[in-house]
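Everything below concerns the one structure shown next.
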Amino acid sequence: MTSTFDARLADLISAIYPEADGAALAAEIRDAFWPDDRPRRRRARVPSNNFWSERDALVITYGNSIVDGVHKPLDLLQDFLHRNLKGTVDGVHILPFFPFTSDDGFAVTDYRAVNRALGDWSDIRRIAGDFKLMSDLVLNHVSSQGPWFTAYLQGHAPYDRFFLEADPEADLSMVVRPRTHPLLRRVETANGPRHVWCTFSHDQVDLDFGNPEVLLEFLRIMRLHIDQGVRILRLDAVAFLWKEIGTPCIHLPQTHAIVRLMRLLCDYAVEPVILLTETNVPKAENLSYFGNRNEAHAVYNFSLPPLLLHALQSGTARWLIRWQATMPPAQMGCAYLNFSASHDGIGMRPAEGVLPAEEIARMTACAKGQGGLVSMRTMPDGSQQPYELNVTFFDALGATFDGETAYHVERFLASQTIVMAMEGIPAFYIHALLATGNDHAGVEKTGIARAINRHRWHYPDLQARLKDPSSVQARVLGELKRRMALRARQPAFHPNATQFTLQLDERVFGLWRQSLDRAQSVFALHNVSAQEVEIDPTAVNLIEGDAWRDLLSGEPVAPVGDAIRLRPYQCRWISNRG
């Protein structure tokens, strides 16, 4: 291990735990991440654009999004991936596959085991052998019914110091809340009554990272997951990691220092491990997790889903264009993860300060009109604001603000095509790929609003639909696969290729992408309206002498002369190569 690593680790320990014995803690950190003298790099990986390419794309799924009542869900998932997505996507994010008690996996009881209802570690390793595997490191909290918290209640070391306690009389008014339930939960322990901190639910008790033992335990868990084939670690709810009374308890300096420490370890790991931070917050706060190329390798582009939905509901890309034009390119060695739909709803916090309040109200009304639900959050003054829209992205685009219900599939395909065209790595929720509708039965059964977007497909039924070319599932998946395959062959769609936001008709979201070697340009034009739009070819700077054509349709496009026409919700990728 180099002196550079030792110095950087010492600085981070000092920033996080200034009272600790730095040398002793550094040795424990090394042993936690590299036990038994595991091999490690002599030099850190240098940030570069070689971590990913235009061929990279992810599918997001639960381990049991596909079931049949007979086979292990992870076996079914692997079969589905091989039959339908092998060669189209190269990565898969399996949402928490550990034993749990609530929140569909995010109240973990055992980070070292696979939920037996899904399969076992051999199933995870098998999928990891064919796809880049992303897993969730649920850092902020654990289940109140798991062994860690049970040991805490009984006063057993080291877990008696694993959980964050607070005085109910303390002023907690500044704390940023993603939920409306009381923040503190009273519990009886062997040492008397205590009040424990619960950011997300009373079944999800927050850990105390002020105790170095908690960090060490998670470094051991990171090592286990890497050994099982995980190559992308999603740091769930990481923004809330460190708390100090009298602060908002979000994005504190110690939180960023912990992410930097994890990045440092990954940079020296033999295995190529990518850190992805999950921070569903406004743009500036989200981008802060890139650090100075020394925190997350990738961050979710959380502002994209609500702005994309708004553009296609309203028929104008005005706010989407305005936002994208102000987004900085990702730094060398960093990338955005672009998505429209996820296992959660459509987060509205990232739209704050971008979309006017009246536009958010229109989105909310439109989502409700398509059978969606709305989850609220409590503001410091006690008022409530929309936190997320609970609706599948496919159903959310079933109508526009004007009540237009035609072009449903075209509107949805446009949304996913925009995700493919943008700077960054595209990710597709399985229920977006399959055009899944709202699962109202799931909401009624569980009482959880997010269940509306977490349908479990019966595999024989799904297979039958995918074999029927007239079904919406076959139509959507087939066309998305075609477009993803086209994208994967275009160097201009490298996650870090140049991007410039075009200022055209407000009904058109346009991007200029140029490959890293400047050989290929793609003018990606996406009509977000139900109207036909014409664009003067000179407005997109099609250089004469090059043979331009629309990659999606195969049609030639002249650099001068006839207007470039876009039908309602049509997307055109106009390129000089490919």
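General observations
- Of all DSSP beta bridges in the chain, antiparallel share, percent nearest 5: 60 percent
- Rounded if a/c under 1.5, otherwise prolate or oblate - segment 220-267, Cα gyration tensor axes: prolate
- For segment 325-373: rounded, prolate or oblate by the Cα gyration tensor [a/c cutoff 1.5]: oblate
- Globularity index of segment 287-415, i.e. its alpha-carbon radius of gyration over 2.2 N^0.38 Å: 1.10
- Looking at the chain, the accessible area is 38 square angstrom per residue; that uses a 1.4 Å probe and ignores ligands, DNA and RNA.
- Carbon-plus-sulfur accessible fraction, the chain (probe radius 1.4 Å, protein heavy atoms only): 49%.
- Which label in (i) 24.1, 94; (ii) 56.9, 181; (iii) 24.0, 81 gives the computed Rg and Dmax of the Cα atoms in Å: (iii)
- Hypothetical label at R112: residues of segment 182-219 whose amide nitrogen lies under 18 Å (7 Å Cα-Cβ projection): 213-219
- If R0 equals 56 Å, the separation of the Cβ atoms of S48 and D68 corresponds to a calculated FRET efficiency of about 0.80.
- Cα gyration tensor category, rounded, prolate or oblate, for segment 410-469 with a/c compared to 1.5: oblate
- Sites Q154 and D517 - FRET efficiency at Förster radius 56 Å, r taken between beta-carbons, to 0.05: 0.35
- Pair E169, S122: separation of 7 Å Cα→Cβ label points (nm): 5.9 nm
The values are calculated or read from the model by the stated rules, or taken from the named source; none is laboratory data. Bear in mind that the values here come from a model prediction, so they are computed numbers and not experimental data. Using ideal geometry, Cβ is built from the backbone for each residue, glycine included, and neighbour counts are taken over all protein chains shown. The accessibility values were calculated without ligands, DNA or RNA, using every heavy atom of the protein model including side chains. Shrake-Rupley method; radii C 1.70, N 1.55, O 1.52, S 1.80 Å.
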